[in-house]
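The values are calculated or read from the model by the stated rules, or taken from the named source; none is laboratory data. Treat the numbers as computed from the prediction; the structure is a model and nothing was measured. Cβ atoms come from the backbone with ideal geometry, glycine included; neighbour counts cover every protein chain shown.
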Amino acid sequence: MLKLHGIKMSNYYSIAKIALVEKDIDFEEVQQMPGRDEDWLARSPMGKVPSLETPNGPLAETMAIIDYLEETQPDPALWPSDPYARARARQIAHHAIYYIDLAARPGLNAAAFGAPEDPAVNKMVGKATPRGIQSLARIAQFDPWVAGSEFTAADIVVANTVPLAQMVCQKLCDIDIMSELPGLADYIGRVNEREASQRVASEK
């Protein structure tokens, strides 16, 4: 049986877990903090969560985990079958990770865990994160899902990265990034209403 290692408060752990639940795959959860001990680095070279224990060995990085699940259990699909539509959905997922989540993440310790604020970091977060949201508007559809009519892994990623970025920007910069993109808040609500998302949220 697959084993998902990580901590439930991690949004990337949640993304991987929602993908497993959406695909109705049996798995076990193993609570594991990020760290640098050798046993954990053998499972996750950067010491981050999540990591998936598979019959062939460990696999780290959330998007790699999703692709593994898609290859080993294609139904129900989390990527479109059409090559262009699939690439566009992946583009949106990577956009949310690189230009929204990672743009806000330097401020996470101050916003969520009480670390001292750094004005330079706040300024950087307040500039880069809204730009990521504004540029998402050029590729998102919300019709009803972020890449169009099909629910995809991109929806799982967007719905689990934007709220964290919203929290950081609101607390450190007094910026409501949700308001930068009409329809975004309602769309995230639709994703969160799905059974898999509700289950993962209830088990945190």
**Report entry** Test: Leu52 is assigned by TED's automatic domain parsing to the domain that holds Ile7, surrounded by 17 or more Cβ atoms within 10 Å (Cβ to Cβ) and either out of contact with any Asp or Glu (no Cβ under 7 Å at 6 or more places or on another chain) or modelled with pLDDT of 95 or more (or both)
**Finding:** yes
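Could you please let me know if Glu71 is loosely packed, with under 15 Cβ neighbours inside 10 Å and charged (D, E, K, R)? Before the answer, list the steps.
Values: loosely packed, with under 15 Cβ neighbours inside 10 Å: yes; charged (D, E, K, R): yes.
Yes, satisfied.
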Report task. Answer yes or no as to whether Arg190 is more than 25 Å from Ile7 (Cβ to Cβ) and either charged (D, E, K, R) or at pLDDT below 95 (or both). Result -> yes
Query - Of all residues making up segment 182-199, the number that are out of contact with any Phe, Trp or Tyr (no Cβ under 9 Å at 6 or more places or on another chain) and surrounded by 14 or more Cβ atoms within 10 Å (Cβ to Cβ) - result: 5
Query raised in the report: Which condition breaks for Asp176 when tested against (1) of a type in the set (Asp, Glu); (2) modelled with pLDDT of 95 or more; (3) closer than 15 Å to Ile92 by Cβ; (4) more than 18 Å from the chain's Cα centre (by Cα)?
Result: (3)
